[in-house]
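Let me begin by presenting the structure, written as structure tokens, before commenting on it.
The values are calculated or read from the model by the stated rules, or taken from the named source; none is laboratory data. Keep in mind the model is a prediction, meaning the values are calculated, not measured. Reconstructed Cβ throughout: ideal geometry from the backbone, glycine too, with neighbour counts over all protein chains shown. The protein model used for the area step is the full one, side chains on, heavy atoms only, and it has no ligands, DNA or RNA in it. Shrake-Rupley method; radii C 1.70, N 1.55, O 1.52, S 1.80 Å.
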Amino acid sequence: MNKRAFVKLLALMASNRVIAPMFAWGSERLTNWAGNLVYGTDRLYSANSSQQVRDYVKREGKLKVLGTRHCFNDIADSKYGFLSLKAMDEVVELDPRAATATVDAGITYGQLSPYLHGKGFALHNLASLPHISVAGACSTATHGSGEKNGNLATAVTGLEFITADGELLKLSRQDNGEIFQGAVVGLGAIGVITKVTLDVQPTFMMRQYVYENLPLDAVKEHFDAIESSGYSVSLFTDWQKQRMNEVWIKSRVENGRAFDAGPTFFGAKLATKNLHPIAELSAENCTEQMGVPGPWYERLPHFRMGFTPSAGKELQSEYFVPRQHAVEAILAVERLRDSISPSLMISEIRAVAADTLWMSPCYNQACVTIHFTWKPDWPAVSKLLPVIERELAPFKARPHWGKLFSTSPAALKTIYERLPGFIELCAKYDPHGKFRNEFLNKNIFGS
Ligand SMILES: Cc1cc2nc3c(=O)[nH]c(=O)nc-3n(C[C@H](O)[C@H](O)[C@H](O)COP(=O)(O)OP(=O)(O)OC[C@H]3O[C@@H](n4cnc5c(N)ncnc54)[C@H](O)[C@@H]3O)c2cc1C
């Protein structure tokens, strides 16, 4: 397929208002959102209550919880049976004094955010899309952007789990210290999360501006200034022509003031219309830009609820690099441009603050993330991943848990210093491996 035909096909898919159905394209079988993975079983049990979760967990020898199925790899896969908490999607309690919200694990950010805003509250950050479940996103350390913003799991102050023996386990940041830090980014291995308590803050308004064609030289010289220019900053690039195609700057409106958008930004030009990160695609599914003020949950994500996010039929990979190596790492990937480009739709570079969650890629280190949205061509992408990982290895790059990577279990062991403690934690709550699958056996327990 030539580039024009491919872009046309993507445009058609991206403007599709219907989110991918449970049984996705072409396949009669249960798949992940992208459709690149047919799950190992179609056995899916939907629970409506904590009691049903407990009964199911007690009954089954092996199972996995499915969130909104947005991971690109087999982290959520099972050969035995799936438990869905999709129907458990209520806000259980909003506590203004403690500034926390407790939610059922099946709720998505798209459901939760307008509710919070309506009550005068906000979350600190969101991912590029609101369609994902809170429990699934936090379990894989899903993140947005912003130098001062930790990943979404850093907002978790409390969790309720059903452990492998069907017992209720409550953990909180306040009462359970290190165990809590180990359990939050739990990769689905500790138990079934039934409730999540999140930090909230007073609601706020934001403005989003997009600039086009930021010279690579400006990234080299002014990376810190560029990244700190807004509350959340994303650079999009196809790695061609020594430039970042687009810079998305999301800033908070404080006392009526926000980012002062001049016509140029380090050599980039202010866009004159809303843009999709892949400029050829319609911006219909993107959040409002051009400085139009709007609530946080309609500006922090790039993609709007109710529309297909991103391009639709795609693969994704992402690597977290310690912040101090940002420019070196970006230049290392840029040198691979001719190999990468034929398989790439777009790359995104973001910043994420350091945290203390054991299995978070930002554990004890502020990071930049280098993300790849790939064309759905796994044979080609699978050959590129080791090449990119080799270039990023000197920086001890950590792969995103929910995206495609080929980093070896031995390498994961060296870059996740708390992995041994995490394995012990899993063994404590799931001694017989009820929640383990091939992904966990290979990458966590086999390492
Ligand atoms: C278009 C698109 C855009 C994306 N953008 C971003 C982005 O901006 N930033 C980013 O970091 N990631 C992004 N991702 C990746 C994605 O959001 C994460 O990987 C996230 O985990 C998806 O959540 P989910 O509920 O769909 O998880 P699933 O894929 O359903 O499950 C992920 C893991 O969580 C576990 N899990 C889910 N629910 C529970 C529960 N109740 N109890 C215990 N374990 C549970 C599952 O067992 C599995 O191990 C994107 C993905 C897509 C498809």
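Taking the accessible area of segment 92-148, probe 1.4 Å, and keeping the other protein chains in place, the carbon and sulfur fraction comes to 51%. Once the other residues with Cβ under 15 Å from the Cβ of Phe265 are scored (Lys, Arg +1; Asp, Glu -1), what is the net sum? It works out to a net charge of -3. For segment 363-399, applying the loop criterion from DSSP together with a ceiling of 15 other beta carbons within 10 Å to the trypsin sites (Lys or Arg not before Pro) yields Lys396.
In segment 37-84, inverting the average of 1/r over every pair of distinct C-alpha atoms gives 11.1 Å as the Kirkwood radius. Estimated at 0.36 nm per residue, the fully extended path between Ser49 and Glu254 surpasses their Cα-Cα distance by 69.7 nm. Residues whose amide H falls under 5 Å from that of Glu167, counting only those 5 or more places apart or on a different chain, are absent, with hydrogens built in the peptide plane. Measuring r between the beta carbons of Lys58 and Val292 and using R0 = 60 Å, the FRET efficiency lands at 0.70.
For segment 380-447, applying the loop criterion from DSSP together with a ceiling of 12 other beta carbons within 10 Å to the GluC sites (Glu not before Pro) yields Glu417. Remark on Leu198: its backbone amide H falls under 5 Å from those of Ala101, Thr102, Val103, Thr157, a criterion applied only to residues 5 or more positions apart or on other chains, H modelled at 1.01 Å from N. Taken over segment 249-392, the convex hull of the Cα atoms encloses 161 Å³ per residue. Full extension of the chain segment joining Lys170 with Asp89 gains 27.3 nm, where the gain is 0.36 nm per residue of separation less the Cα-Cα distance.
Each part reduced to its alpha carbon centroid, segment 351-408 and segment 180-256 end up 16 Å apart. Summarising the label geometry, the points placed 7 Å from Cα in the beta-carbon direction at Ala410 and Asn441 lie 2.1 nm from one another. Sparsely packed loop sites in segment 140-226 (the chymotrypsin sites (Phe, Trp or Tyr not before Pro) outside DSSP H, G, I, E and B with at most 10 other Cβ atoms within 10 Å) do not occur.
Let me know the shape class of segment 251-304, please: from the alpha-carbon gyration tensor, a ≥ b ≥ c as square roots of the eigenvalues, rounded when a/c is under 1.5, otherwise prolate if a/b is greater than b/c, or oblate. Taking the square roots of the gyration eigenvalues as a ≥ b ≥ c, segment 251-304 is oblate. Here's the list of lysines a cross-link from Lys220 could span, going by alpha-carbon distance under 17 Å and ignoring same-chain residues fewer than 8 apart: Lys241. With the cut-off at 1.5 for a/c, could you classify segment 207-319 from its C-alpha gyration tensor as rounded, prolate or oblate? Here segment 207-319 falls in the oblate category. Across all Cα atoms of the chain, the radius of gyration (one decimal) and Dmax (whole number) stand at 20.8, 62 Å.
Ordered by 1.4 Å accessible area with all protein chains kept, Leu331, Leu126 run largest first as Leu331, Leu126. Over segment 200-351, what percent of the accessible surface lies on carbon and sulfur atoms, probe 1.4 Å? Carbon and sulfur together cover 48 percent of it. Counting Lys and Arg as +1 and Asp and Glu as -1 over every other residue whose Cβ lies under 12 Å from the Cβ of Ile423, the net charge comes to +2.
The simple spin-label model puts a point 7 Å past each Cα toward its Cβ; for Lys273 and Thr356 those points are separated by 5.0 nm. Here the 3J(HN,Hα) profile of segment 383-388, calculated from phi with Karplus coefficients 6.51, -1.76 and 1.60 at θ = phi - 60°, is 7, 7, 4, x, 5, 5 Hz, Gly and Pro shown as x.
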